[in-house]
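Asks: Next up is a structure, given as structure tokens.
The values are calculated or read from the model by the stated rules, or taken from the named source; none is laboratory data. What you see is a predicted model, and the numbers here were worked out from it, not measured in a lab. Neighbour counts run over all protein chains shown; Cβ positions are idealised from the backbone, glycine included.
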Amino acid sequence: MELRNIYTCFPGGKHKVLTLSYDDGKIADRRLVSLFNEYGLKGTFNVNSGLVDRPYTNAYDERIPVSEYKDLYTGHEVACHTVLHPTIARSPKEQMVLQVIEDRRKLEEALGYTVRGLAYPNGSCDDNVVDALKACGIRHARTVHSTLGFSMPSDYLRWNPTCSHKNEALDRLSEEFINLHKTQYLYMMYVWGHSYEFEIDNNWHVIENFAKKVGKKDDIWYATNIEIVDYMDAASRVQVSVNGDFAYNPSAISVWLEVDKKHIELKPGLTSTL
């Protein structure tokens with residue numbers, strides 16, 4: 001038997017993925033979503049279903065009505081940010097569950113699809129919160145701890161991003177990401193923030209320049225957080241023969257492998273020759 005190098009790839013045989021995550025569902029998301037759509041970027045938008053009707057002073061603090069979510073965020077992911085944005089690790093366990101499950105319930109009623117992601121409000125997270133998320137059916141949750149790197153997460157419920165858009169290293173990191181070429185690795189760039197910060201800081205050019213630089217690249221997969229989780233979950237279930245000459249994909253989506261530098265699509269529910 002001759003051994004072969006077999007690697008999991010992202011869709012299309014790609015080895016790089018870019019994902020973005022923006023919190024609070026404020027009015028500036030309209031402009032941000034339009035920008036993402038223009039350059040082919042995908043975002044996860046973490047919103048608070050219970051704060052929409054709260055009074056505001058500054059225009060940028062207005063929140064988008066829940067009734068607008070389905071149309072505005074089409075092609076992107078809407079995820080939980082809890083109902084009222086508490087520092088949730090300080091809450092009783094019962095409140096942890098209610099803050100998440102009620103947010104999820106309200107969002108699902110508005111969107112018509114299951115909501116399985118979250119960003120930790122105020123970055124608040126501990127083991128009790130993670131346990132609550134699991135009980136509520138949440139599959140991924142983003143922290144505020146920047147890695148300044150491009151590795152895949154080891155724990156999707158403690159998902160550390162690469163950096164926020166406010167980080168002065170954003171331009172350097174995006175350049176490094178574009179130039180990554182070693183296909184034996186999977187690379188992820190994950191940028192997060194709040195759209196209203198561009199209004200406060202008067203610096204929409206930061207995200208516009210970023211989108212122009214990293215968007216519409218043939219070797220980058222643009223994905224929401226949940227698309228990454230679901231794809232990697234499907235990839236983990238692929239059954240490869242001992243001889244490496246065929247593989248069975250039991251999932252409902254295609255999974256891509258690189259076999260001796262050749263890209264092969266494993267179509268759902270089928271056995272494919274490698």
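Asks: So in the stretch 69-114, with the set limited to residues that are touching a residue at least 12 places away in the same chain (Cβ under 8 Å), among the acidic types (Asp, Glu) and in contact with a Ser or Thr (Cβ under 7 Å, 6 or more places away or on another chain), which one is surrounded by the most Cβ atoms within 10 Å (Cβ to Cβ)?
Replies: It comes out as 103.
Asks: Can you find even one residue in the stretch 162-174 that is touching a strand residue (DSSP E or B) at 6+ places or on another chain (Cβ under 8 Å), touching a residue at least 60 places away in the same chain (Cβ under 8 Å) and hydrophobic (A, V, I, L, M, F, W, C)?
Replies: No.
Asks: Of the numbered conditions (1) among the basic types (Lys, Arg); (2) more than 23 Å from residue 84 (Cβ to Cβ); (3) free of Cβ contacts under 8 Å to residues at least 24 places away in the same chain, residue 54 satisfies every one except a single condition; which is it?
Replies: If we test residue 54 against (1) among the basic types (Lys, Arg); (2) more than 23 Å from residue 84 (Cβ to Cβ); (3) free of Cβ contacts under 8 Å to residues at least 24 places away in the same chain, just (2) comes out false.
Asks: Next up: Scan the stretch 32-41 for residues that are closer than 24 Å to residue 83 by Cα and surrounded by fewer than 23 Cβ atoms within 10 Å (Cβ to Cβ) and report the count.
Replies: 1
Asks: Can I ask one more? Can you say whether residue 21 is more than 21 Å from residue 164 (Cα to Cα) and touching a residue at least 40 places away in the same chain (Cβ under 8 Å), as far as the supplied structure shows?
Replies: no
Asks: For the stretch 23-38, give me each residue that is under 18 Å from residue 52 (Cα atoms) and either at pLDDT below 95 or of a type in the set (Asp, Glu) (or both).
Replies: 23, 24, 29
Asks: Across the stretch 124-148, what is the number of residues that are over 16 Å from residue 225 (Cβ atoms) and out of contact with any strand residue (DSSP E or B) (no Cβ under 9 Å at 6 or more places or on another chain)?
Replies: Residues meeting the conditions: 8.
Asks: Here's something else I'd like to know. For the stretch 176-210, what are the residues that are of a type outside the set (A, V, I, L, M) and buried (at least 18 other Cβ atoms within 10 Å of the Cβ)?
Replies: Passing the criteria: 177, 187, 190, 192, 193, 194, 195, 196, 197, 198, 199, 210.
Asks: Next question. Does residue 173 count as buried (at least 19 other Cβ atoms within 10 Å of the Cβ), in the same structural domain as residue 21 (by TED's automatic domain parsing) and over 14 Å from the mean Cα position of the chain (by Cα)?
Replies: yes
Asks: Starting from the stretch 124-140, keep only residues that are under 19 Å from residue 44 (Cα atoms) and surrounded by 14 or more Cβ atoms within 10 Å (Cβ to Cβ), then list their pairs with residues that are modelled with pLDDT under 95 and of a type in the set (Gly, Ala, Ser) whose Cβ atoms are within a distance under 6 Å, requiring at least 6 positions of separation or different chains.
Replies: Listed by first residue and then by second, the contacts come to nothing, as the list is empty.
Asks: Taking residue 229, is it at negative phi, part of a helix (DSSP H, G or I), among the β-branched types (Val, Ile, Thr) and at pLDDT 95 or above?
Replies: yes
Asks: Which one of these is without any contact (Cβ under 8 Å) to a residue 60 or more places away in the chain, in the same structural domain as residue 163 (by TED's automatic domain parsing) and touching a His at 6+ places or on another chain (Cβ under 8 Å): 36, 45?
Replies: Result: 45 is the single residue among 36, 45 that is without any contact (Cβ under 8 Å) to a residue 60 or more places away in the chain, in the same structural domain as residue 163 (by TED's automatic domain parsing) and touching a His at 6+ places or on another chain (Cβ under 8 Å).
Asks: If I filter the stretch 235-261 down to residues being part of a loop (DSSP other than H, G, I, E, B) and among the aliphatic types (A, V, I, L, M), which single residue comes out as nearest to residue 185 (Cα to Cα)?
Replies: It comes out as 238.
Asks: Only one of (1) over 17 Å from residue 161 (Cα atoms); (2) under 20 Å from the mean Cα position of the chain (by Cα) fails for residue 209. Which number is that?
Replies: (2)
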